[in-house]
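Visitor: Okay, here's the structure, questions in a sec.
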Amino acid sequence: MSEASHTVDPSFQLLVQQLHQAEGPQLLVADENLRAAPLNQLPTETTSLITNRYDLYLQAKLLGFNCYYNDFDFSSFPDNSFNQILYRVSKEKPVTHHIINDTRRLIPNGGTLILSGAKTDGIKTYTEKAADYFGSHATAKKHGNIYCATISRLSSQEPPLDDKNYPQLRPCISSDHLQLYSKPGLFGWNKVDQGSEFLAEHLSDFFKCFDKAPEHLLDLGCGYGYLAIMAHRHTDAIITATDNNAAAITACSKNFSLVGINGAAIAADCAEGIDQEFDAIICNPPFHQGFSTDRSLTERFVASCHRHLKPGGMALFVVNRFVPLESCAENLFQISPFGENKGFKLVLLKKPQK
């Protein structure tokens, strides 16, 4: 459940300024904070991009960037590959520490790491830690509500920052005698999301709604695969799981293999690029907070569901009770309430026959 709203992060403009001021090869590290960044403002000749977001990867690729989609795996880059690396710090500390750790190897002595972010992101602390690790001194300078720091790479033997062994999947979710794998960087990475758990409790009733057992099921925004795995207990359908986040695809693939699910986890932005139609869709979309500003994203999920359902097919969504999913779906689906508790509601969407 890694898709998010389309507000441009103001830190991006600070990074753009730094990119245009430097010479030689540069690397932009991008996660969901730069989800709507206008990458066309960057110089493609000298800038490479690494991202864990499939939508950003496709955007950069279309613009002609040398770009990489993975879970921030820098191992393919030789030492001293970039004169400058630019990074808007991530929301989770293990992710940020991992990226700072790996970038030291990639920058030669005299090269720079540019960090940007808000005070609430911990930018000042990250700047201090990165400067110590790089053997230099730096302070984060304020630009409006955003801070930016330039950290020079000098000789240093300082140990890496604690990234909680970020690159490694780990068995960390116990659910109904299952031990599922996940990792930092995923939404709710070390727990079962309450909305997903509520939907899972109603999967048996969902599949009873079908006159004919579904043959193909889509988990739209799969995360580490919890809903798909719970659905597997009630159906023999071939399951396709999709997410925008590289870590989600890695974790979901691992869990599919462990459980023996007949299916695949596919990197895609809201299932874009997946041409198949499905008999059934399950979805816990990522607009539980701040829905009023994210209606366009809500509409994307509903439109994707309509595009990927066969006529007569059904989808089960779980959303916060205040989310008016029905108003986005009323012109496309037959809508039925399917359950409600203190925090969440289940909405059944049926695509009309042609």
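Visitor: Using just the alpha carbons, could you tell me how many Å³ per residue the convex hull of the chain encloses? Please report the intermediate quantities before stating the final value.
Guide: Details: hull volume 48.4 nm³, N = 354.
About 137 Å³ per residue, rounded to a whole number.
Visitor: Using only Cα atoms, tell me the angle between helix 246-259 and the longest principal axis of the chain; keep it within 0 to 90° and round to the nearest 10.
Guide: The helix 246-259 is inclined about 50 degrees to the chain.
Visitor: Below 18 Å, Cα to Cα, which aspartates and glutamates can LYS129 reach? Residues fewer than 8 away in the same chain don't count.
Guide: List returned: GLU92, ASP102, ASP121, GLU158, ASP162, ASP163.
Visitor: Sorted by average packing, counted as other Cβ atoms within 10 angstrom per residue and highest first, what order do 118-128, 36-46, 232-242 take?
Guide: Top to bottom by mean Cβ count within 10 Å: 232-242, 118-128, 36-46.
Visitor: Quick one: grab Rg to one decimal and Dmax as a whole number for region 1-129, Cα atoms only, in Å.
Guide: Over region 1-129's Cα set, Rg and Dmax evaluate to 13.5, 39 Å.
Visitor: Test of the criteria: in region 242-340, which GluC sites (Glu not before Pro) are in a DSSP loop and have at most 13 other Cβ atoms within 10 angstrom of their Cβ? Each step should come with its number before you reach the end.
Guide: On the way: sites: GLU272, GLU277, GLU299, GLU326, GLU330, GLU340; in loops: GLU272, GLU277, GLU330.
Here the GluC sites (Glu not before Pro) that fit, given the DSSP loop and packing criteria, are GLU330.
Visitor: Compute log10 of I(q)/I(0) for region 171-350 with the Debye formula, placing one identical point scatterer on every Cα and leaving out solvent, at q = 0.08, 0.10, 0.20 Å⁻¹, to two decimals.
Guide: Rounded to two decimals, the profile gives -0.21, -0.33, -1.55.
Visitor: To one decimal place, what orientation-averaged projected area in nm² is obtained for the convex hull of the Cα set of region 57-184?
Guide: Dividing the Cα hull surface by four gives the mean projection, 9.9 nm².
Visitor: Also: Taking only Cα atoms, what is the 0 to 90° angle, nearest 10, from helix 93-106's long axis to the longest principal axis of the chain?
Guide: Helix 93-106 sits roughly 50 degrees off the main axis of the chain.
Visitor: Okay, moving on. Determine the gain in length on full extension of the stretch HIS143-LYS124; use 0.36 nm per residue of separation and subtract their C-alpha separation, reporting nm with one decimal. Mind showing how you got there, number by number?
Guide: Details: separation 19, 0.36 × 19 = 6.84 nm, distance 1.31 nm.
In short, 5.5 nm is gained.
Visitor: With point charges of +1 on the Cβ of Lys and Arg and -1 on the Cβ of Asp and Glu, referenced to the Cα centre of region 11-152, which listed residue (LEU27, HIS97, SER11) lies farthest in the positive direction of the dipole?
Guide: It is SER11, whose Cα lies furthest towards the positive end.
Visitor: If I model a spin label at GLN17 and ASN341 as a point 7 Å from the Cα along the Cα→Cβ vector, what separation in nanometres do I get?
Guide: Inter-label distance under the simple model: 4.8 nm.
Visitor: Show me 193-200, 255-262, 24-31 ranked by packing, highest mean number of other Cβ atoms within 10 Å first.
Guide: On the way: 193-200: 20.9, 255-262: 15.6, 24-31: 22.9.
Top of the packing list down: 24-31, 193-200, 255-262.
Visitor: If you don't mind, another one. Calculated from DSSP H runs of 4 or more alone, at -39500 (n - 2.57) each and per residue, what is the 222 nm mean residue ellipticity of the chain, nearest 500?
Guide: Computed ellipticity for the chain at 222 nm equals -8500 deg cm²/dmol.
Visitor: Separate question: In nm², what is the average projected area of the convex hull enclosing the Cα atoms of region 253-354? Working shown, then result.
Guide: Numbers: hull surface 30.0 nm².
The number I arrive at for region 253-354 is 7.5 nm².
Visitor: Now a separate question. If you average the C-alpha positions of region 11-88 and of region 126-157 separately, how far apart do those two centres end up, in angstrom?
Guide: After rounding, the separation between the Cα centres reads 19 Å.
Visitor: Now, a different point. State whether region 153-195 is rounded, prolate or oblate according to the following rule on the C-alpha gyration tensor (a ≥ b ≥ c being the square roots of its eigenvalues): a/c under 1.5 gives rounded; otherwise a/b larger than b/c gives prolate, and the remaining case gives oblate.
Guide: prolate
Visitor: What FRET efficiency comes out for the pair ALA303/ARG105, r = Cβ-Cβ distance, R0 = 41 Å, nearest 0.05?
Guide: Working: r = 43 Å, r/R0 = 1.05.
Calculated value: 0.45.
Visitor: Set the Förster radius R0 to 30 Å, insert the Cβ-Cβ distance between PHE210 and ALA264 as r into 1/(1 + (r/R0)^6), and round the FRET efficiency to 0.05. Can you show the working numbers first?
Guide: On the way: r = 22 Å, r/R0 = 0.74.
Step by step, r from the Cβ atoms, then E = 0.85.
Visitor: Towards the positive end of the charge dipole of the chain, with charges on Cβ (+1 Lys, Arg; -1 Asp, Glu), say which of ILE50, ASN83, PRO285 has the farthest Cα.
Guide: So the residue we want is ASN83.
Every number in this text was worked out from the coordinates using simple rules, so none of it is lab data. Keep in mind that this is a model prediction, so the values were computed, not measured. A quick note on method: Cβ atoms are made from the backbone with ideal geometry, for glycine too, and the neighbour counts reach across all protein chains shown.
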